[in-house]
1. I'd like to know if region 220-230 contains one or more residues that are at pLDDT 95 or above and surrounded by fewer than 15 Cβ atoms within 10 Å (Cβ to Cβ).
2. Residue 80 fails exactly one of the following numbered conditions: (1) buried (at least 20 other Cβ atoms within 10 Å of the Cβ); (2) within 23 Å of the chain's Cα centre (by Cα). What is the number of that condition?
3. Do we have any residue at all in region 157-174 that's part of a loop (DSSP other than H, G, I, E, B), closer than 17 Å to residue 239 by Cβ and touching a strand residue (DSSP E or B) at 6+ places or on another chain (Cβ under 8 Å)?
4. What tally of residues in region 207-222 results from selecting those that are farther than 23 Å from residue 167 by Cβ, in contact with a helix residue (DSSP H, G or I) (Cβ under 7 Å, 6 or more places away or on another chain) and not in a helix (DSSP H, G or I)?
5. Going through region 233-256 one residue at a time, which ones are buried (at least 18 other Cβ atoms within 10 Å of the Cβ) and closer than 25 Å to residue 346 by Cβ?
6. Suppose we filter region 19-43 for residues that are in contact with a helix residue (DSSP H, G or I) (Cβ under 8 Å, 6 or more places away or on another chain), closer than 18 Å to residue 93 by Cα and outside any helix (DSSP H, G or I); how many remain?
């Protein structure tokens, strides 16, 4: 349930802002190197291996996206300029951005270096509205960093995150409670936070393409098809999300996994796929600004049985190379395999949390 009003039974309407920097890594590189401005830029990967960590909007026009294989990105955009990531710089800029957030609320839940939820319910009266706060934050970020941010303003986290993507780049979208359900109904489920590509494809096979399609399915049917995720999907399709903004949220693990088109069993093939998974996972580790001591490998076989293997180290994993080496050792130790493999995942956990990122109103008023 939502928070209760002091001295009353009516639910208190939250004011949530989701701030998302526009092409953050690539925009920092273009800001710091004028020669890159107006050109298609990809951060990370290199031209022949790895994955794209971030792409400028000029590159996105060619279909280049984050987590895309670098060779694919190069095919789509022959003039693409690859730039080596500078995570220490991104972290420093992120700290400037979070300092702006802190001027308006203490309830800040970072999702990564470039995005965060803010709950301004208790501070909105001092600034006029949540929309006014979002506009002020965007203006201060631009003034202090030279970068643009987009924002979504709404009454819960789910819709605020959807809204922040609605008018990118350098835009704002406000969805008051009375518009929430209709807004969600109009969107493809592939845009929903918590619905990844595999789940979106499965929903499509079941005839669910939009929020309206999802809303038409009974809870019991969703439970039969999606198990423990059914309740979240059922509420999301109705514009409902009661999750609070959790200040200084502690990550339990960060990683990535990849499903293969064909089952693999040979070690060289699996190590090649693992390396791609390492790139995607390490990008997320860097984006979250975390370091941990435990590496966990997940393997799903062709019969859908899955196993995990983990190793903890006395000191934190500090580099991609060390992370990749640990994953490769765990995978090699499983050989020979009893069946072909359809999925590999690799995660980092056991984080040093002291180094983690500083993870009378009527309905609709104040947004």
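1. Checking region 220-230: at least one residue is at pLDDT 95 or above and surrounded by fewer than 15 Cβ atoms within 10 Å (Cβ to Cβ).
2. The number of the failed condition is (2).
3. Taking every residue of region 157-174 in turn, at least one turns out to be part of a loop (DSSP other than H, G, I, E, B), closer than 17 Å to residue 239 by Cβ and touching a strand residue (DSSP E or B) at 6+ places or on another chain (Cβ under 8 Å).
4. 2
5. 251, 254, 255, 256
6. Result for region 19-43: 6.
The values are calculated or read from the model by the stated rules, or taken from the named source; none is laboratory data. Values in this document were obtained by computation on a predicted structure and should not be read as measured data. Here Cβ is always computed from backbone atoms with ideal geometry, including for glycine, and neighbour counts include all displayed protein chains.
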